[in-house]
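What follows draws every value from the coordinates through simple rules; no lab data is involved. Keep in mind the model is a prediction, meaning the values are calculated, not measured. For neighbour counting, all protein chains shown are included, and Cβ atoms are generated from backbone atoms with ideal geometry for every residue, glycine included.
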Amino acid sequence: MKDLKNISIKETKDGSTTLYVADINETYHSSHGAMQEAKHVFIMNGLELLSKDCIHVLEVGFGTGLNALLTSDFSVRNKQQINYVGLETVPLKIEIIDKLNYLEHEPSLSKSFFLEIHSSDWEKKNSIHEFLTIEKINSSVQEFVPENDFDIVFYDAFGPRAQSEMWEKEIFEKLYGVISNNGILVTYCAMGQFKRDLKSVGFTVKNVPGPPGKREMTIAIKE
């Protein structure tokens, strides 16, 4: 996707903020609640389903770093080793990140870890704390060449209406190939064609209740 312009801060219904991109009429998170959506989709119905000594995470759509921040919190609370790779084609400037209210909205989240996540170098593996490493990669999922398999994929691209090229079957064929056995892909999206594509490339698809404002979300399992 080309550089995003006309970005503004928007408060969502749970009080946490997200970004609104006027050029594509799309927000980075659900308008019903950025924080509660991220927790529900990627932590409660994602990381909490896995049990491994070290979890390898691939995020497609690093964005504001909210999912990485919540993953950092999860890893500390559970003393869970996590290696995290985040893909982003349009990295956000720090002056935009600084205007988001995640830390004010949820004071238990670590300001120092959030700053470390965003100040860490791109294209390098960075140790955020004893339980978490993060590698931010300026690449599309189509061009990404993974060095290892992943236990979970956070699929957090803009929706099909705004970014249809991110919901093509070929992408999910590729992701199926880099997810470990019994690994999962989780996303807020529950569109029928998307789920049919997941099934056609080999995933077992589960429909589970979505976050507030959304009836369903999707968990795809590589069995």
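Laid out as a table, the results:
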read-out: Residues that are within 23 Å of SER139 (Cβ to Cβ), touching a residue at least 60 places away in the same chain (Cβ under 8 Å) and surrounded by fewer than 18 Cβ atoms within 10 Å (Cβ to Cβ), drawn from segment 46-104; value: VAL90, ILE96
read-out: The one condition in (1) in a loop (DSSP other than H, G, I, E, B); (2) under 15 Å from the mean Cα position of the chain (by Cα) that LEU175 fails to fulfil; value: (1)
read-out: Qualifying residue in segment 123-136 (condition: surrounded by 13 or more Cβ atoms within 10 Å (Cβ to Cβ), over 24 Å from GLY15 (Cα atoms) and among the polar types (S, T, N, Q)); value: yes
read-out: Of all residues in segment 84-112 being outside any loop (DSSP other than H, G, I, E, B) and hydroxyl-bearing (Ser, Thr, Tyr), the one that is nearest to the chain's Cα centre (by Cα); value: TYR84
read-out: Of all residues making up segment 138-168, the number that are assigned to a strand (DSSP E or B) and either surrounded by fewer than 20 Cβ atoms within 10 Å (Cβ to Cβ) or not hydrophobic (A, V, I, L, M, F, W, C) (or both); value: 2
read-out: Of all residues in segment 173-183 being touching a Lys or Arg at 6+ places or on another chain (Cβ under 7 Å) and not polar (S, T, N, Q), the one that is surrounded by the fewest Cβ atoms within 10 Å (Cβ to Cβ); value: TYR176
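Residue by residue, here is whether (1) touching a residue at least 12 places away in the same chain (Cβ under 8 Å); (2) surrounded by fewer than 20 Cβ atoms within 10 Å (Cβ to Cβ); (3) among the charged types (D, E, K, R); (4) out of contact with any Pro (no Cβ under 9 Å at 6 or more places or on another chain) holds:
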{"residue": "VAL186", "(1), (2), (3), (4)": "yes, no, no, yes"}
{"residue": "LEU198", "(1), (2), (3), (4)": "yes, no, no, yes"}
{"residue": "VAL205", "(1), (2), (3), (4)": "yes, yes, no, yes"}
{"residue": "ARG215", "(1), (2), (3), (4)": "yes, yes, yes, no"}
{"residue": "GLU223", "(1), (2), (3), (4)": "yes, yes, yes, yes"}
